[in-house]
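The values are calculated or read from the model by the stated rules, or taken from the named source; none is laboratory data. Note that the structure is predicted; figures quoted are calculated from it, not measured. Every residue, glycine among them, receives a Cβ derived from its backbone with ideal geometry; neighbour counts consider all protein chains shown.
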Amino acid sequence: MNGKINIIFGFFYLALTAVLGPTLLVPHLGSNMKNLNETSQIVAKVREGVQNDFKGVDNPDKLIAPAVVSIFDYLKTQKPSGRGAHSHGNLEALLNIIAGFILLTLAIPSNFKALLSILFLIGTIFHSGMLYLGGVFGMRWAYDFTLIGEIAIIAGLVLIGVACITGIKQSNS
């Protein structure tokens, strides 16, 4: 594991996250907009009533109650959008590609390269991968594992920085 796997994984993961963005995140926006428009119309009637001190309205509660119910119904239909997973997935895919290229150029022991490679792979799978499972696919248990990914990515970044201090090959120019 000298970085090649990170580059390959990074490109495939970037393609996957690029496809998941429009297919999973955008379609629910249409139904949300419909619900939001309906709620906005009902709330606008209440706003009119408030501005007119509810003149011509026998019972303001009959005007306010549907607005409250509509707001709660709208909030209940909201799903996590997954935008965080989408952006983190794209960034972590690019991080794997860059880390892979850096690992290919470093003159460090192969077991240290393997450790760095594994840290970035585990970090991506356990961070943005779990965010996708939790936010987009509704598997809430996956959020419990995101800390593993965060720690792995931060450890990988720190250790690749240390590796760069001693392992960058000097060119003879």
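Things worth noting here:
- The number of residues in the stretch 4-27 that are in contact with a Ser or Thr (Cβ under 8 Å, 6 or more places away or on another chain) and modelled with pLDDT under 90 comes to 2.
- Close pairs (7 angstrom Cβ cut-off, 6 or more residues apart or separate chains): surrounded by 13 or more Cβ atoms within 10 Å (Cβ to Cβ) and modelled with pLDDT under 80 in the stretch 50-71, among the aliphatic types (A, V, I, L, M) and outside any helix (DSSP H, G or I) anywhere: Leu63/Val57
- Filter result for Gly135 (within 16 Å of the chain's Cα centre (by Cα), part of a helix (DSSP H, G or I) and in the same structural domain as Tyr13 (by TED's automatic domain parsing)): yes
- Listed by first and then second residue, the pairs with beta-carbon distance under 8 Å, at least 6 apart or on different chains, first residue in the stretch 91-103 and assigned by TED's automatic domain parsing to the domain that holds Leu157, second of a type in the set (Gly, Ala, Ser) and outside any helix (DSSP H, G or I), are Ala99/Gly3; Gly100/Gly3; Phe101/Gly3; Ile102/Gly3; Leu103/Gly3.
- Within the stretch 4-16, residues that are of a type in the set (D, E, K, R) reach no partner that is at pLDDT 95 or above with beta carbons closer than 6 Å at six or more positions or on different chains.
- Tally, over the stretch 127-173, of residues that are surrounded by fewer than 12 Cβ atoms within 10 Å (Cβ to Cβ), among the small types (Gly, Ala, Ser) and within 21 Å of Leu115 (Cβ to Cβ): 1
- Beta carbons closer than 7 Å, at least 6 apart along the sequence or on distinct chains, pair a first residue in the stretch 124-142 that is modelled with pLDDT of 90 or more with a second that is of a type in the set (S, T, N, Q) for Thr124/Asn96; Phe126/Thr146; His127/Thr146; Met130/Thr146.
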